[in-house]
């Protein structure tokens, strides 16, 4: 029996088995898995009503909010492709990516709409959806996100879409360090394995409360947007990285898991309240992006009680290529020795077989598809 590997099925499972469990916390708003699943389904139905079909590309430029999570599921379960955008990029870079990706629609946060206002007449979009933000205003000719969802009935039933695990799920652009940004084609299968790797190496459990400090647009949050749902854990959204607010969430939301670059770790340990915060948990924190110093890891574990997990990866391959494999024998070592070990990674996760895959339009996209082998 063959069953396509796709992380989208984990939403169905979570709604089935954990309908009344808190799925998403975003500020004062909370959604159960049933409510979250319904909002994602209503987004799908509204996109269909707007003409989005299987294979179409929808660009999304949102911070770490429940709207962003809804887009990962609502767009992709139609067989459409999500193009997550880095809202920190310049208008010139966004213009290139949006047009290069063949996006038909853009869903954008009102706070970050200014670059789109400047390049709007040069974009090949058919429609723009704006997520309204209190205190913000945009001149874009767009449809309000919540109003857009009302196109679908509350008890929406979606048509069944036959998923091919080798079809595109997300199109993730890397930074254009040496030239224009490159589009990385991540399939349903590769997203599934990225999420499975996240679950295994971050030791995700059903009772985890995961704080989205890592941008969801970055390699799909390393797979965290899927992995937490797979376990039936709780997503805690974080619109902006603010060390004091994160420390508050450690206390009030009892965070058990998060990820972030060493810069974020440094912000946390150097916050004036770091030594005063009352931690009911000892959160596991995955870090990558640049090598964390052993001294920083020591501070994070000593001051905040974080259990640091050092990994290495790339959008073009996998968020988890190499990792620091922790062994029980290390537990007897001194804190300094443990930190020195955790400052290194290099244990191979998997073998990677590379294959360049051309794009049907022949427009010369730079793409990589990953195949895992035994």
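The values are calculated or read from the model by the stated rules, or taken from the named source; none is laboratory data. Bear in mind the structure is a predicted one, so any value in this text is a computation, not a measurement. Positions of Cβ are generated from backbone atoms using ideal geometry, with glycine treated the same way; all protein chains shown enter the neighbour counts.
So that you can scan it fast, the table gives a plain yes or no per residue for (1) crowded, with 21+ Cβ neighbours inside 10 Å; (2) closer than 24 Å to residue 282 by Cβ; (3) without any contact (Cβ under 8 Å) to a residue 60 or more places away in the chain:
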| site | (1), (2), (3) |
| --- | --- |
| 228 | yes, yes, yes |
| 235 | yes, yes, no |
| 241 | no, yes, yes |
| 254 | no, yes, yes |
Problem set entry | Filter pass, residue 51 being surrounded by fewer than 20 Cβ atoms within 10 Å (Cβ to Cβ), at positive phi, in contact (Cβ under 8 Å) with a residue 24 or more places away in the chain and outside the structural domain of residue 235 (by TED's automatic domain parsing) | yes
Exercise. In the set 186, 249, 214, which member is in contact with a helix residue (DSSP H, G or I) (Cβ under 6 Å, 6 or more places away or on another chain) and either at negative phi or assigned by TED's automatic domain parsing to the domain that holds residue 89 (or both)?
Worked result: 214
For this session: Answer yes if at least one residue in region 349-360 is modelled with pLDDT of 85 or more, in a strand (DSSP E or B) and surrounded by 11 or more Cβ atoms within 10 Å (Cβ to Cβ), and no otherwise.
Result: no
Exercise. When you scan region 141-245 for helices (runs of 4 or more DSSP H) that lie fully inside it, which ones turn up with 2 or more residues that are more than 21 Å from residue 65 (Cβ to Cβ)?
Worked result: 188-201
Exercise. Among the residues of region 125-161, which ones are over 24 Å from the mean Cα position of the chain (by Cα) and loosely packed, with under 12 Cβ neighbours inside 10 Å?
Worked result: 135, 137, 139, 141, 150, 153, 154, 155, 157, 159, 160
Seminar exercise, completed: When region 84-111 is checked residue by residue, the ones that are surrounded by fewer than 21 Cβ atoms within 10 Å (Cβ to Cβ) and assigned to a helix (DSSP H, G or I) are 91, 92, 93, 95, 96, 99, 100, 110, 111
Exercise. Applying the selection to region 2-35, what residues are exposed (fewer than 13 other Cβ atoms within 10 Å of the Cβ) and more than 19 Å from residue 78 (Cα to Cα)?
Worked result: 2, 16, 17, 20, 27, 28, 29
